[in-house]
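Reviewing the structure listed below.
The values are calculated or read from the model by the stated rules, or taken from the named source; none is laboratory data. Everything quoted here is computed from the prediction, not taken from an experiment. Backbone-built Cβ (ideal geometry, glycine too); neighbour counts: all protein chains shown.
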Amino acid sequence: MAKVLIVAEHNGRELNASTARCVTCAASFAEGAIDIAVLAENGAELARLAAAIAGVNQVLQVDRAENRWPLAATLAPQIADLAAGYSHILGPSTTFGKDLMPRVAALLGVGQLSDIMAVETAYRFQRPVYAGNAILTVEADPGMTVVATVRTASYAQAGDGGTATISAAELATDLPVHTRYVELRADSDSSRPDLQSAARVVSGGRGVGSTDSFALIYALADALGAAVGASRAAVDAGYVPNDLQVGQTGKIIAPELYLAVGISGAIQHLTGIKDAGTIVAINKDEDAPIFEVADLGLVGDLFTVIPELTAALKRS
Amino acid sequence: MQRLMVCLKRVVDYNVRVRLKPDGSGVIFDGIKMSINPFDEIALEEALRIRERSQAEEVVVVSVGTTESQQQLRTGLAMGADRAILVETDRALEPLTIAKVLLSLVEREGPDLVLLGKQAIDADNNQTAQMLAALWQRPQATFTSELTIDASTATAVREVDAGLEVIEFDLPAVVSSDLRLNEPRYVKLPEIMKAKKKPLEVIALADLGGTDTSQFRISSMDPPPAREKGVFVKNVAELVAALKTKGLVSG
């Protein structure tokens with residue numbers, strides 16, 4: 001019988017939406033046997049939020065001063081200590097989970113599955129490889145703990161209304177002091193919708209041409225109430241900060257509506273948007289690969305099309 | 001620092017669109033271009049720059065793979081690495097096994113810093129650096145886009161979902177590179193000639209005490225579900241109308 005421990009992702013105040021997405025994944029094979037571990041400096045409120053996620057049985061609250069920052073070297077040994085009795089340890093395939101979960105797995109002496117996108121049975125999963133150009137079906141050995149990251153774009157957030165019990169877990173784990181958190185530099189405007197959970201996203205690519213021209217993308221996003229994203233080319237060129245990058249090495253997203261503006265559509269970008277409901281591409285090159293995946297394509301100069309579209313959306 | 005170790009993986013070149021065997025047994029490898037995993041190439045470039053700043057004496061490139069991986073190690077030597085080690089195996093090993101093999105090399109070579117790509121662009125696992133750091137009980141700086149070495153510590157700027165996270169850590173340590181860490185140099189012909197004379201040691205996996213301890217069984221590799229073919233609209237008015245029809249904009 002499967003029993004799942006999910007590692008909560010948070011910023012000290014709020015749970016990241018990735019946590020409730022992991023719960024949905026876990027519920028597909030271990031309904032009623034899902035616990036969440038909240039490792040924080042002072043996790044009472046976070047534990048309360050985790051306990052309110054529907055489908056969660058128990059929340060393990062581990063408060064330690066060292067847990068103030070999400071350092072894998074500090075968190076991994078604690079999660080390894082909590083792992084006894086669980087058949088599956090899940091974390092999100094965000095940078096938090098990707099950093100942490102392989103370290104947890106190695107401490108437990110087991111392998112790790114990355115980016116679970118579908119669960120066939122508790123020991124049979126699908127995951128993307130080759131930038132999403134192939135899907136692997138993988139079977140895990142039921143005799144070993146399954147440590148995995150969940151591809152968050154593949155799962156909706158579990159709802160609220162949960163009534164899990166909260167227990168304080170006292171861990172005597174020795175923690176290393178060889179890694180020290182310095183700071184987080186967040187350049188993006190946090191008043192905008194979050195790229196990873198937004199229902200609508202407008203992304204700009206190299207075709208946008210400059211940081212100044214990205215104002216067109218922001219204006220269109222505002223007219224739609226959308227988050228702003230970017231291709232790797234636009235980030236490399238310095239038009240926007242790295243946390244807006246969508247694709248194989250950036251964020252994998254699944255909005256209802258995705259507008260790709262001035263993005264040619266390298267396979268590494270396409271893998272980040274495959275689960276979008278409707279993809280709209282606007283590009284002056286009618287042969288751009290982005291049109292192969294777009295539901296709606298418009299060939300045209302973005303510098304005339306985008307202001308026109310923004311104005312039309314404001315009117316409607 | 002005395003020594004830097006860089007791990008290179010031989011992968012399908014990033015410009016190749018992979019094709020799958022119709023029976024679901026894997027990728028068609030016949031005649032396709034193979035290269036150093038681009039993230040590993042960035043890791044190597046960073047190691048070379050550290051050495052060129054006189055912050056390290058030697059750069060050793062290592063790979064765990066088939067005998068053909070010698071080609072990628074030779075490219076690494078041509079880029080400027082001093083010597084190379086191939087741990088040869090004809091099996092595709094899981095990241096945990098690779099990490100154990102790398103740990104054996106770490107124990108043999110005693111590097112002050114191990115650098116590798118944050119993920120390989122074939123299996124997209126993003127695990128090996130973290131697992132090596134865990135087994136070695138040393139710091140990990142994953143997704144690094146800026147690296148500064150001090151005497152016995154280092155500082156990394158890491159590309160995380162929320163922005164850029166800065167961490168400081170003691171050496172030795174494991175660093176995994178992100179795309180924006182640097183832009184790798186081009187290899188010049190004289191360097192390729194010179195690389196042929198540089199030492200490349202080949203060790204059989206078993207001789208290093210390594211065994212294949214696979215935990216996962218791949219039952220099939222299939223193409224992803226295709227998206228339905230889209231349509232072109234002629235102008236903004238048609239686009240807005242189509243979005244309205246789909247219920248994606250109001251009005």
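Is it fair to say A:VAL56 is touching a residue at least 24 places away in the same chain (Cβ under 8 Å), under 22 Å from the mean Cα position of the chain (by Cα) and farther than 30 Å from B:PRO224 by Cβ?
Spelling it out, A:VAL56 is indeed touching a residue at least 24 places away in the same chain (Cβ under 8 Å), under 22 Å from the mean Cα position of the chain (by Cα) and farther than 30 Å from B:PRO224 by Cβ.
Which of the following residues is more than 13 Å from every other protein chain (Cβ to nearest Cβ), at pLDDT 95 or above and either on the phi > 0 side of the Ramachandran plot or in a strand (DSSP E or B) (or both): A:VAL202, A:VAL182, A:VAL228?
Within the list A:VAL202, A:VAL182, A:VAL228, the selection yields A:VAL228.
Could you pull out the residue among B:ARG185, B:ARG227 that is of a type in the set (Lys, Arg) and at the interface with chain A (Cβ under 7 Å from one of its Cβ atoms)?
One residue alone meets the criteria, B:ARG227.
For the stretch B:29-41, check the following and say yes or no: at least one residue is hydrophobic (A, V, I, L, M, F, W, C) and either in a helix (DSSP H, G or I) or surrounded by 21 or more Cβ atoms within 10 Å (Cβ to Cβ) (or both).
Yes, that holds for at least one residue.
List the number of the failed condition for A:SER190; all other conditions in (1) under 26 Å from A:THR304 (Cα atoms); (2) surrounded by fewer than 22 Cβ atoms within 10 Å (Cβ to Cβ) hold.
(1)
Residues in the stretch A:21-63 that are among the aliphatic types (A, V, I, L, M), out of contact with any strand residue (DSSP E or B) (no Cβ under 6 Å at 6 or more places or on another chain) and assigned to a strand (DSSP E or B): how many?
Residues flagged as among the aliphatic types (A, V, I, L, M), out of contact with any strand residue (DSSP E or B) (no Cβ under 6 Å at 6 or more places or on another chain) and assigned to a strand (DSSP E or B) within the stretch A:21-63 amount to 2.
Quickly run through the stretch A:138-156 and pick out the residues that are surrounded by 15 or more Cβ atoms within 10 Å (Cβ to Cβ), among the small types (Gly, Ala, Ser) and either within 17 Å of A:SER197 (Cβ to Cβ) or not assigned by TED's automatic domain parsing to the domain that holds A:ARG124 (or both).
Correct list: A:ALA153, A:SER154.
Residue by residue through the stretch A:16-52, note down the ones that are surrounded by fewer than 24 Cβ atoms within 10 Å (Cβ to Cβ) and either of a type in the set (Lys, Arg) or within 14 Å of chain B (Cβ to nearest Cβ) (or both).
Across the stretch A:16-52, the qualifying residues are A:ASN16, A:ALA17, A:ARG48.
Of all residues in the stretch B:88-111 being in a helix (DSSP H, G or I) and among the charged types (D, E, K, R), which is nearest to the other protein chains (Cβ to nearest Cβ)?
Across the stretch B:88-111, the extreme among qualifying residues is B:LYS100.
Looking at B:LEU44, B:LEU20, can you tell me which residue is surrounded by 15 or more Cβ atoms within 10 Å (Cβ to Cβ) and either within 18 Å of the chain's Cα centre (by Cα) or small (Gly, Ala, Ser) (or both)?
B:LEU44
Considering only residues that are touching a helix residue (DSSP H, G or I) at 6+ places or on another chain (Cβ under 7 Å) and under 25 Å from B:ALA78 (Cβ atoms), which ones fall in the stretch B:197-219?
Across the stretch B:197-219, the qualifying residues are B:LYS198, B:LEU200.
I'd like the full set of residues that are in a helix (DSSP H, G or I) and without any contact (Cβ under 8 Å) to a residue 40 or more places away in the chain, limited to the stretch A:124-142.
A:TYR130
Within the stretch A:299-316, can you find the residues that are of a type outside the set (Lys, Arg) and either assigned to a helix (DSSP H, G or I) or closer than 12 Å to B:ARG227 by Cα (or both)?
Within the stretch A:299-316, A:LEU302, A:PHE303, A:THR304, A:VAL305, A:ILE306, A:PRO307, A:GLU308, A:LEU309, A:THR310, A:ALA311, A:ALA312, A:LEU313 qualify.
Answer yes or no: is there a residue in the stretch B:141-155 that is among the charged types (D, E, K, R) and away from chain A (no Cβ under 13 Å).
no
Within the stretch A:214-233, track down each residue that is without any contact (Cβ under 8 Å) to a residue 60 or more places away in the chain, in contact with a helix residue (DSSP H, G or I) (Cβ under 6 Å, 6 or more places away or on another chain) and crowded, with 22+ Cβ neighbours inside 10 Å.
Residues satisfying the conditions are A:VAL228, A:GLY229, A:ALA230, A:SER231.
Please go through the stretch A:53-109 and give me each residue that is among the polar types (S, T, N, Q), surrounded by fewer than 21 Cβ atoms within 10 Å (Cβ to Cβ) and in contact with a Gly (Cβ under 7 Å, 6 or more places away or on another chain), ordered by number.
Hit for the stretch A:53-109 is A:ASN57, nothing else.
Tell me which of these A:ALA153 doesn't satisfy, since it passes every other one: (1) among the small types (Gly, Ala, Ser); (2) touching a Ser or Thr at 6+ places or on another chain (Cβ under 9 Å); (3) assigned to a strand (DSSP E or B); (4) more than 10 Å from every other protein chain (Cβ to nearest Cβ).
(3)
Quickly run through the stretch A:275-298 and pick out the residues that are more than 7 Å from chain B (Cβ to nearest Cβ) and either of a type in the set (Asp, Glu) or part of a loop (DSSP other than H, G, I, E, B) (or both).
A:ASP275, A:ALA276, A:GLY277, A:LYS284, A:ASP285, A:GLU286, A:ASP287, A:ALA288, A:PRO289, A:GLU292
State all residues of the stretch B:156-177 that are more than 7 Å from chain A (Cβ to nearest Cβ) and either touching a Lys or Arg at 6+ places or on another chain (Cβ under 7 Å) or of a type in the set (S, T, N, Q) (or both); if no residue qualifies, say none.
Scanning the stretch B:156-177 gives B:PRO172, B:ALA173, B:VAL174, B:SER176, B:SER177.
Would you check if there is a residue in the stretch B:126-133 being among the β-branched types (Val, Ile, Thr) and in a helix (DSSP H, G or I)?
Scanning the stretch B:126-133 turns up at least one residue that is among the β-branched types (Val, Ile, Thr) and in a helix (DSSP H, G or I).
Counting only residues that are outside any loop (DSSP other than H, G, I, E, B) and exposed (fewer than 13 other Cβ atoms within 10 Å of the Cβ), which one in the stretch B:190-218 is nearest to the other protein chains (Cβ to nearest Cβ)?
Filtering first and then ranking leaves B:ARG217.
Condition check ((1) part of a strand (DSSP E or B); (2) modelled with pLDDT of 95 or more; (3) of a type outside the set (D, E, K, R)) across all residues:
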site: A:GLY91; (1), (2), (3): yes, yes, yes
site: A:PRO102; (1), (2), (3): no, yes, yes
site: A:VAL110; (1), (2), (3): no, yes, yes
site: A:VAL119; (1), (2), (3): yes, yes, yes
site: A:MET144; (1), (2), (3): no, no, yes
